[in-house]
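Coordinate-derived values only; no laboratory data. Computed from a predicted model, the values in this text were never measured in an experiment. Cβ placement follows ideal geometry from the backbone for every residue including glycine, while neighbour counts extend to all protein chains displayed.
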Amino acid sequence: MAFPRDHGSHPAFRTEWWYATGWLRTASGEQLGFQATFFRSLREEAAGNPSAFAPHQILVAHAAISDPARGHLWKDQRIARAGLGLAGANTGDAVVWIDGWRLVREGGSFRIRAPATDFALDLALAPAQPPLLNGEAGFSRKGRSPAAASYYYSLPHIEVRGHIAREGRREAVTGEAWLDHEWSSEYLEPQAAGWDWVGLNLDDGSALMAFRIRGRDGGVRWAGGSLRTADGRLLHFAPGDIAFTPRRSWRSPRTAIIYPVEWLLRAGDLALSIAPLMDDQESDTRATTGAIYWEGAVRASTGGREVGRGYLELTGYGEALRLR
Amino acid sequence: MKAQVRLWWRLWCAQWRAGPVRMLVPVIALALGVSLATAVQLVNRSALAEFEQAARRLSGDADLVVRGPVAGFQEGLYPLIARVPGVAVASPVLELHVTLADRREPLQVIALDPLRAAQLQPRLLGELAGERRAFFAPDRIFLSARAADTLGVRSGDRIEVLVGSSRRSLEVAGQLSAAAYPRAVGLMDIAAAQWRLDRLGVLTRIDLRVARGADIDTVRAAVARHLPPGMSVAAPAVDDARLASASRAYRVNLTMLALVAVLTGAFLVFAAQALSLLRRRPALALLRALGVTRGGLARALAAEGVVVGLIGATIGFMAGVALARWMLGAVAGDLGAGQLESLSGALIVGPGDATAFILLGAAMGGAAAWLPGREAATQPVAQALRAGDASAAFARVRSWRIGGAVTGTGVVLALLPPVQGLPVFGYASIGALLLGGVLLAPAAAGGLLGRWPAPRAAEARLAIAQLRGSSARTAIGFAAIIVSFSLMVAMAIMVHSFRESFIAWLDQALPADLQLRLGQGGGSATLDAAGQEAAREVEGVARVEFRRSRPLVLRREAVPVQLVAMEIGEGGVPALTIVKDGGPVPGTPAWISEAMEDLYRWRTGEHVTLPLGGGHTLAVTIAGVFRDYGRSGGSVVVPRAAYVEAGGDSAANEALVWLHRGAAADVVVAALHARLGIGEALQVRTTGEVRERSLRSFDRAFAITYALEAIAVFIGLLGVGVAAASTALSRRAEFGMLRHLGLLRRQVVAMLAEEGLLTGAIGTGCALLLGGVLSLVLVHVVNRQSFLWSIDLAVPWGTLAMLSAVLVVSAAAAALIGGRAAAGGDAIRAVREDW
Amino acid sequence: MTAAPPGPVLEVTGLAKRFRADRAPVFANVSLRLAAGEYVAVMGESGVGKSTLLNLIAGLDRPDAGSVCVGGAELTTLDDDGATVLRRRQMGFVFQAFHVLPYLTVAQNVSLPLDLLGVSRQEVAARAAAMLTAVGLGSAAARWPRELSGGELQRIAIARALVHRPRLVLADEPTGNLDPRSATQVLALLREQVRAAGGGGLLITHSLAAARTADRVLVLSAQGLEPLA
């Protein structure tokens, strides 16, 4: 991988996302989670159409704030076809936007703006560490078939400064985030139903990413992960090194989907208890990506002591996920 | 108080028992009037509501709509507008009519970006749930149920459209529910439509949602700053208004006619009440003598009118709803004289309507009864108790001065300009002239009868004397005829004038043997140079004159103007009905329709630059004004050569075809179809066929007018009948006395017939005169201001003569039927009846 | 009409009338003879058939039996038109309710019978004026009935009843709607004018005072017509 080129878009791949998650702390000491994601998807139906509106690329953006005082997410989404300067994803460096929603890398840090309907994010993300290339130098397998794979790097331990607004109330925030950038043409195998993913900024300065792909048959089709220690040593986990064990489930009152929200995670020698900031961090994005999933802030602990914070993503618990 | 109410109730019921028919007539009259008003109002409103709904459905919850020329504007404007601060959502739209192969009517296609549109129209997303991805594919179209039905296709079928001179095939990807899309419409992805329908780079509309908390007017101003000339941004309400304005004048006409019917009905209530009070005068005087106060009497009589109004209006409202339902079903609510597309026919009736119309009826009943009631109440008791005559009661109505003043006001009102495009003062003028006529007519008739040579026969002399003497009854008889018949005369003259002028215009507009058109209503099909050459080479064709006709938006609030580029004949004058000729002008000449004068204030000799779209313009000098009954929104005719030169558009979509002598029209039509190969989208008609079709649609548009007129006249005749019957009843003793004096029975009958004939003849004469005056106002004021075109006055003498004869005979017959019974045996006994 | 032929003005013989076959007759066997210049009053209780008798004499109704002869012409053999013409020529009527036409002037009202007989316009005007003068309303010729009092209206009616010099004047309760003073004046005028015309007069009334102004008084009952006891 080469940077900053690979921060930019890879339009020839079918699917691509820039996925920023993290914990925020307001001036009054509130602990919040946030998520800001931009998806790009290549469409072949419009091939050859010279119209400026031709939907060659469709862009989707999701934004959410996990607010324990509210009990469920502040969330919003946007979708648009790339074109006419109103939406797009540039190559060369990270510049991706839909109208006023944007994720742009400038001066070494990422600026995220999501002026959503009920809330807003305006954050500057300054990575303190170099990109963490997952899999084999950034080539991350997602299934038993070698074709099911993605290009995938993470930026853990990002220092966050900026503002959020909830119903017009604007507040300064600081915090720590995690940015994933992943692109692929064949992410999931047809037999796959969804995945469980976790990205943790551990207090000792190390970063852990672990995932598993669940099959439609209920079994685990693939698993993987990376651990980078504070001194920069990088460990890659094979499928057998990773174990996700559910500890507690939560049933969504809206969709009746049952999500395991507390886990015991084993990654190599590491064993962590994962518990959510709050149970209801479900996102309904049927209007844009077509999926309903759980994406939320979590704490990691060992022996009852918090050792890190991060985000947990649970997909495919309702219907099998389709990435299109 | 309660006792008095009970007393009145009892007296009123007794009247019903005594003369149910007499009591029923004002109820029927009022019911007829209210039913007409209700029906017209409901049909109008349902039509408008459907317009609004359709517009709203298409523009969703847009706060603002950006529009430009009908031909569209550059899409580059869209991102500029979308980025204007305060704009939350900007949804680009391309609306167009595509010509379908094998179909005459074009299909309206709305192309949009479903991702953007969904933010304005959540319903749209619901419609397309799960099919959004199918939407992105080119060559896909979603059809409304109605469109699919009309075209006879289902999902998965393909439809062929003509774009320019080539064919494109579209797959029907799905159907939109009839509830959401009641009209025939196709939905496409904007990129697909731009590409497949040859509109790359073009939009016709941008719907905007303003950000929460932003001020709409501020955002509108900010958006407006980005718009080039010829484009504007406005709230969708204005948009609806523009759609509706196309048929507004016609609908206002109908509403006015319906109101005339209500007024005639109210007048009849007035007449019936006045007559009934004349009859009941001694009884009322007795009540006064027994201690009913003057005010109490007046109020009670007005209350009677209100009750009659309530009953009549309730019946009328129900009849009106039924009538409206029938009209929507039968005429499909086409109140726009063909200017509106046909509607789905859903009648909207709210509880407010019933209340409003029934209260209106009650108010009219009360008002109609108020004047005669007050008159009766203020009558000196003693005199009323003693004398049977009441001629003095109406003496004040016979004043020349009041009638003259009202008529004068009517004339002045006719000279005033329209208000917001509506001939408000014109209608007010008609009302004033009508009232003036009613006021003047009895006096005029009195004068006429005074100079009438005294006939030999005693009964004839008696008849004249009776008409001159009992002004009250005579005035009511006259007024009933004048109110109803003069309006009918005026409408008949107006419609006849219109029809004659229309025929003359048609003949002028159709000089050739065949008329050829491609894709009506702004369809997409045209004939390119090769196609035009092919048409010329068809056997039997002597000469072809091609035209390019396309809409031109000069001002947003107005209906688009039609630009017609045609070949200009010898002497530089086109084959048009020229009403103002400015003579030869320097540079490129243009001729404008009369509407252009009124709407755009263009004058002959003026230099104008026409925006042809795509940055092209055509500078012209107005050389003359022509009459155009085809387009009320205005049209401009320019030489085709100049048009082609200015914009490079050499395609044609209309043509006039002259045949070789001896060539069979149907053979040539078939050959043209075969040669041009564009199926039904090519419409070739013989001149005779076009003429016949045009006249048929003209007559259909005015059919509803005729129906309203007929009902007004029927109400008028009811009035004559009521006056006659009531008169005859109160004159029974008089007939008895005359029989005693030696008048033969047939002489009494002859006297009655002569009275009826005279009333009918004089009333009809006055009505003809007044109707003539009213027709001048209708033709030169109301019509000119509503439709913006002129009409040459033409009087349908034969029709008027026949109608007059029918009316006079009907009036005589009504008088005779009413009087015959009264002249019979019990008339003799009536002599001994005391009052 | 100008000169009264000899013989009775009115000859009623054996007149009978019943309205329904199952009812008793209104009256039976009524006979009456009225000579020229004679003025007779007929009295009777209410409902005894005074009006019926008048209608029979006027030819407006048909008797069940008997004959009515006016000026020598047998009325019962005439059809409706014949009876009407006879009435027009030979009879004059005065009604309780005056029946002066409101839409005609006083003079026009009085002229009505002459108009019906086709008398020339000049003669109509002269005779109507003379007649109005005779009833004391010479100055009211151009006035409208609504401007006049009840007594004046009845005087106009009397003028109208006599203007064509009928052989027979029939007056039906002519004072029923009048105050006593006007009634007296009208009765005197009626009697005087009937006499002056030289024909016969029949006054139908239920008032004895009125009846006494006549030459003789007869009383109508179911049994017939008998002199006042």
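Quick rundown of the values:
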quantity: Calculated FRET efficiency for the pair B:LEU11/B:VAL809, C-beta based, R₀ 41 Å, to 0.05; calculated: 0.65
quantity: R0 of 22 Å, Cβ-Cβ distance B:ASP102-B:ARG154: FRET efficiency to nearest 0.05; calculated: 0.85
quantity: Structure-based [θ]222 nm, chain C - -39500 (n - 2.57) summed over DSSP H runs of at least 4, per residue, nearest 500; calculated: -11000 deg cm²/dmol
quantity: About the Cα centre, charge dipole magnitude for the stretch B:526-677 (Lys/Arg +1, Asp/Glu -1 at Cβ), debye; calculated: 240 debye
quantity: Footprinting exposure proxy for B:THR204, B:THR409 (fewest neighbouring C-beta atoms within 10 Å first); calculated: B:THR409, B:THR204
quantity: Calculated log₁₀ intensity ratio I(q)/I(0) where the Debye formula runs over C-alpha points of the stretch B:64-234, q = 0.13 Å⁻¹; calculated: -0.65
quantity: Neighbour-count ranking [beta-carbon atoms within 10 angstrom, fewest first] of B:CYS13, B:CYS766; calculated: B:CYS13, B:CYS766
quantity: Spacing of the two label points (7 Å from each Cα toward its C-beta) at B:TYR706 and B:GLU537, in nm; calculated: 4.9 nm
quantity: Most fluctuating residue given options A:THR21, A:THR288, A:THR302, as computed from a GNM of chain A linking Cα atoms under 10 Å; calculated: A:THR302
quantity: Spacing of the two label points (7 Å from each Cα toward its C-beta) at B:GLU567 and B:LEU776, in nm; calculated: 4.5 nm
quantity: Rg to Rh, two decimals, where the stretch C:10-227 supplies the alpha carbon set and Rh follows Kirkwood; calculated: 0.97
quantity: Degrees, to the nearest 10: C:180-197 long Cα axis against longest axis of chain C; calculated: 90 degrees
quantity: Two-site label geometry, B:VAL644 and C:ASP79: point separation in nm, points 7 Å out along Cα→Cβ; calculated: 9.0 nm
quantity: Taking A:ILE98, A:ILE258, C:ILE57 and counting other C-beta atoms within 10 Å, the order from fewest to most; calculated: A:ILE258, A:ILE98, C:ILE57
quantity: Cα centroid separation, the stretch C:73-119 to the stretch B:442-515 (Å); calculated: 37 Å
quantity: Cut-off of 10 Å, at most 15 other beta carbons, DSSP loop: longest stretch of chain A lacking such GluC sites (Glu not before Pro); calculated: A:168-318
quantity: Angle between chain C longest axis and helix C:121-134 axis [Cα atoms, degrees, rounded to 10]; calculated: 80 degrees
quantity: Nearest-0.05 FRET efficiency for B:GLN420 and B:ALA221, computed from C-beta distance (R0 35 Å); calculated: 0.90
quantity: Cα-centre dipole for the stretch B:64-234 with unit charges at Cβ (Lys and Arg positive, Asp and Glu negative), debye to 20; calculated: 200 debye
quantity: Sites matching trypsin sites (Lys or Arg not before Pro) across the stretch A:1-94 that sit in DSSP coil, with at most 10 neighbouring C-beta atoms within 10 Å; calculated: none
quantity: Residues listed by number, the stretch C:152-187, amide nitrogen under 17 Å from C:SER139 label point at 7 Å toward C-beta; calculated: C:152-153, C:156
quantity: Rounded Å value of the spacing that divides the Cα centres of the stretch A:136-184 and the stretch B:756-777; calculated: 90 Å
